[in-house]
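Here's the structure, in structure tokens; my notes come after.
The values are calculated or read from the model by the stated rules, or taken from the named source; none is laboratory data. In this text, all values refer to a predicted model and were calculated from it rather than measured experimentally. Here the Cβ is made from the backbone with ideal geometry for all residues, glycine too, and neighbour counts use every protein chain on show.
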Amino acid sequence: MADWVTISSLATAGGTLVLAGATFASVRSANRAARVAELSLLAGLRPLLLPSRPEDAPQKIGFADEHWVHAPGGGAAGELTDGRLYLAISLRNVGTGIAVLHGSYVAPRLRYSGTDPEHAPLDEFRRLTRDLYVPAGDVGFWQGAYRDSSTAEFAELRRAIEDREGITVELLYGDHEGGQRVVTRFALTPRGDEAWIAAAGRHWNIDRPDPR
């Protein structure tokens, strides 16, 4: 004679197991979809800075002490005036999100990936005194001023500008939510008596895995 109690219990257990499996698969699918949506959202906010194009209009960039410099398309400015140093780079954001500049590290020489494969430590970056934004698909700029002529940093940069030697600028920036930070290394190379050409050498992801 069939033990209907046992059969009923086994059927209930089997149904529960099937339901648990379906629930697990559904949760995994939902998590995967949420992750894909998150990655798509982050990609839509992600900036990437390069030098502006040579055909882009020159930018007139002002400093707090009312000094002005002109950075041409695809170029930069490096000036020594009244015992003060002024640097600027004309930038283009080729990413899909607004770039917010956080800080910069400047070296009075050209740093190459072969001999300097890593960016400067983040705690050595000089924080900007005002927020600078570069819209997605548009141009903007970075600027830096050095006014204390008693420092070694000032003396080294002054020598590089006066002797027309290359300068490295590493920029730290991210999206407008404060994430997806990137460091981009720019090389400023003198051309002629006054002009400077800007080139981007390498990008490092700070908050995400590097693609290399």
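Quick rundown of the values:
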item: Residue satisfying all of: in the stretch 104-117; surrounded by fewer than 17 Cβ atoms within 10 Å (Cβ to Cβ) and either of a type in the set (A, V, I, L, M, F, W, C) or in contact (Cβ under 8 Å) with a residue 24 or more places away in the chain (or both); farthest from R181 (Cα to Cα) among these; result: R109
item: From the options P190, P209, residue that is more than 13 Å from the chain's Cα centre (by Cα) and part of a loop (DSSP other than H, G, I, E, B); result: P209
item: E165 being at negative phi, part of a strand (DSSP E or B) and among the acidic types (D, E); result: no
item: Sole residue being assigned by TED's automatic domain parsing to the domain that holds G201, closer than 23 Å to D175 by Cβ and in a strand (DSSP E or B), chosen from D123, D131; result: D131
item: Search result, residues across the stretch 176-212 that are out of contact with any helix residue (DSSP H, G or I) (no Cβ under 8 Å at 6 or more places or on another chain) and among the charged types (D, E, K, R); result: R181, R185, R191, D193, E194, R202, D207, R208, D210, R212
item: Filter result for V94 (of a type in the set (V, I, T) and modelled with pLDDT under 90); result: no
